[in-house]
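Shown next, in structure tokens, is the structure this report addresses.
The values are calculated or read from the model by the stated rules, or taken from the named source; none is laboratory data. Remember, predicted model here, so these are calculated numbers, not experimental data. A quick note on method: Cβ atoms are made from the backbone with ideal geometry, for glycine too, and the neighbour counts reach across all protein chains shown.
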Amino acid sequence: MTGESTDEVRIIAIDGPAGAGKSTVGRAVAARLGVDYLDTGAMYRAVTFAVLRRAVDPNDKQAVEDVAMTMDLDIGDVDGATRVVVDGEDATVAIRGREVTGAVSAVAANSAVRAELVERQRSWVTAHSGGVVEGRDIGSVVFPDADLKLYVTASPRVRAERRVAEIGGDVDDVEASIIERDRKDSGRDDSPLVEASGSTLVDTTGLSIEEVVEHVLGML
């Protein structure tokens, strides 16, 4: 299949740890294929934003579940970037801030939240007739039968350097935070971060985005 046709590939699932380049790669692949793109990590951040806005304790499982079930979420790509609107408020910038970042792991570990968002993710794919879907459990849980499953990763140091280049900070501190996030994501009971069965490992360390995109397109 070439980059001009999507007839043979309906769903591309991209998983991997934080900062590995999943979003950039996923968005670029979607653009080349002419299909839609969904950043599921932004959905968990959106729930966290709503939880904090409603002054709910992120560790209060029932209250957080209630937020996830009742919140209005509109997510989509606009001019090459993910736009997130939560309960009518544009949360695109806020979901990437320190407050949300500090609480999102607790929210994402909530099984009821994950179940709700999985259903929303599947509904999104149905509404968009497929697409590129990126996250941490897409190939393992959400779309185990995806036409192409990728596990995109990079060394913690490289991921930290990329994050600092984007938003600033100390590389050592960010690297430590990334390692801790990996530990939490991989060790949670519900939908842990794993390399899904049948997925292809893509290590972006030392590669440009264009090189990674061409590599992925070559698999189609």
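Side notes on the structure shown:
- Residues satisfying the stated conditions in region 187-202, i.e. surrounded by fewer than 16 Cβ atoms within 10 Å (Cβ to Cβ) and either outside any helix (DSSP H, G or I) or in contact (Cβ under 8 Å) with a residue 24 or more places away in the chain (or both): 189, 190, 192, 197, 198, 200, 201
For every residue, the table says whether it meets (1) under 27 Å from residue 32 (Cα atoms); (2) acidic (Asp, Glu); (3) not assigned by TED's automatic domain parsing to the domain that holds residue 120.
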{"position": "168", "(1), (2), (3)": "no, no, yes"}
{"position": "171", "(1), (2), (3)": "no, no, yes"}
{"position": "180", "(1), (2), (3)": "no, yes, yes"}
{"position": "192", "(1), (2), (3)": "no, no, yes"}
{"position": "195", "(1), (2), (3)": "yes, yes, yes"}
{"position": "202", "(1), (2), (3)": "yes, no, yes"}
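- Test: residue 122 is part of a helix (DSSP H, G or I), among the basic types (Lys, Arg) and either in contact (Cβ under 8 Å) with a residue 24 or more places away in the chain or farther than 22 Å from residue 28 by Cα (or both): no
The rows are residues; the columns are (1) assigned to a helix (DSSP H, G or I); (2) of a type in the set (Phe, Trp, Tyr); (3) farther than 30 Å from residue 28 by Cβ; (4) at pLDDT below 95.
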| site | (1), (2), (3), (4) |
| --- | --- |
| 57 | no, no, yes, no |
| 74 | no, no, no, no |
| 77 | no, no, no, yes |
| 92 | no, no, no, no |
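- Unique residue being farther than 22 Å from residue 125 by Cα, buried (at least 23 other Cβ atoms within 10 Å of the Cβ), under 15 Å from the mean Cα position of the chain (by Cα) and of a type outside the set (Ser, Thr, Tyr) when the list is 25, 51, 107: 107
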